[in-house]
Structure formats: structure tokens, C-alpha cells
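What follows is a set of notes on a single structure, which appears directly below.
The values are calculated or read from the model by the stated rules, or taken from the named source; none is laboratory data. All of these numbers come straight from a predicted model, not from anything done at the bench. We place every Cβ from the backbone using ideal geometry, glycine too, and count neighbours over all the protein chains shown.
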Amino acid sequence: MNNIRTNIYMVRHAESPFRYGEERTRGISEAGAQAAKRVADILRNEAIDVVVSSPYARAILTVQPLADQANLSILPYEALQERFVEGHYHVSWEEKKQAVAKSFDDIDYAMDGGESTRAAQQRAIPVIEELLSTYGGKNIVIGTHGNIMTVIMNYYDSRYGFDFWNQTSMPDIYRMTFEGNRLQQIDRCWNLSCS
């Protein structure tokens, strides 16, 4: 297991019109659907072996064209759902950004009812470790969200925090290359091929 090279492709979901209270069910826009096809095109030659996803519709819909292209089912993982620093109440975008920034400076911080970076890592990292163990040596795609994606990357490399999260696009693709369960590097694949 120690020398087995595994690639995890984190696919941040495509554009999704915000609807408060519909976090689990809101889909992607028409532009988002076109971008999801582009995700499939970018990863066409990556020999994807397994596709997993957050259970949220926008994450699943973004990796669906890729799964269809590879003739794979999407395996949903509840523990990969988005992280909400702000709790389940409406705050302004500026307040949310401030909370996200603070949550990477202090990994135990969350607004009332929200989830800290540490708590999100405690639910998500066991899934990553399980995937590395079960599919070691394979190419794995994860349909994900900007915040939980950054939280996962931050666990393996603390340089990934608020500034990284704040500059990601929708969609976006990052390949995390592991040897065993140790991260070796992260490469951005959006706008160019991963190879």
C-alpha cells in the first residue's frame, strides 16, 4: 500500500442558482450543465475507475456526464456534503466569507449552528482514507463543493485555506496525487488537461 499511487480528482460543482433552504436539492444552471460536459471532456483520457459524490444534487449533476461517459454509477457519500460555517440560517455573502476565513485561521471556529473546519475534517477524511484503501492505485473522481473540498485539502496541506477557496471557480478540478495515504501533490486541471 505504501508505494501505491492513487489519484483523487476533486470536481467542484458547476454554477448553481442559490435558493435558500434548498441546499440538498438545488441543481445546476444551463451554463452549469454545459460546463459539466466540459468536465467530462477534460477527464476523458484519465481512465477514471470510480465516481463518488456529495449527496447534493448540484455535485451529482456536475459529475453525471463523466460517469455516463465512463459507464460508471455515482456512489453518494453523506459525509462529503458541503460544510456550512454559518449554520442553517441566512447570512450575507460578506459575513459568510469572513466566517470561512476565520474558520481556517482557527479550525475550531464556526458561527452559531455552523460546522468548524475540524468537525468537517472529522467526518470527511475517513471517507478519503476509505477510498484510498479500497481503490488504491485507481483514479477516483469526487463530486464536491468548494468549502468541503478546501477543508479536505487543508487536512493534508495547510497551505490550502481561505485564499485558495476564494479563488476557485465553478466548476473546478483538482487532482490530488497520493502514495499510500500520503499526499504528494495537487494539480489544477480545469482549463487544461490533467496529463
Mind telling me which of the residues Ala119, Ala110, Ala124, Ala31 ends up being at pLDDT 95 or above and more than 14 Å from the chain's Cα centre (by Cα)? Ala119
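One line per residue, one yes/no per condition, for (1) of a type outside the set (Phe, Trp, Tyr); (2) in contact (Cβ under 8 Å) with a residue 12 or more places away in the chain; (3) touching a Lys or Arg at 6+ places or on another chain (Cβ under 6 Å); (4) buried (at least 16 other Cβ atoms within 10 Å of the Cβ):
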position	(1), (2), (3), (4)
Ala79	yes, yes, yes, yes
Phe84	no, yes, no, yes
Trp93	no, no, no, no
Phe104	no, yes, no, yes
Gln121	yes, yes, no, yes
Glu129	yes, yes, no, no
Would you be able to tell me the number of residues in segment 178-191 that are loosely packed, with under 15 Cβ neighbours inside 10 Å and within 27 Å of Gln34 (Cα to Cα)? 3
Count of residues meeting criterion [under 15 Å from Gln167 (Cα atoms) and touching a Phe, Trp or Tyr at 6+ places or on another chain (Cβ under 7 Å)] in segment 89-103: 2
Is it fair to say Arg58 is surrounded by 21 or more Cβ atoms within 10 Å (Cβ to Cβ), in contact (Cβ under 8 Å) with a residue 12 or more places away in the chain, of a type in the set (D, E, K, R) and under 24 Å from Thr177 (Cβ atoms)? no
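Scan segment 55-101 residue by residue and report those that are in a loop (DSSP other than H, G, I, E, B) and charged (D, E, K, R).
Hits for segment 55-101 are Glu82, Arg83, Glu86.
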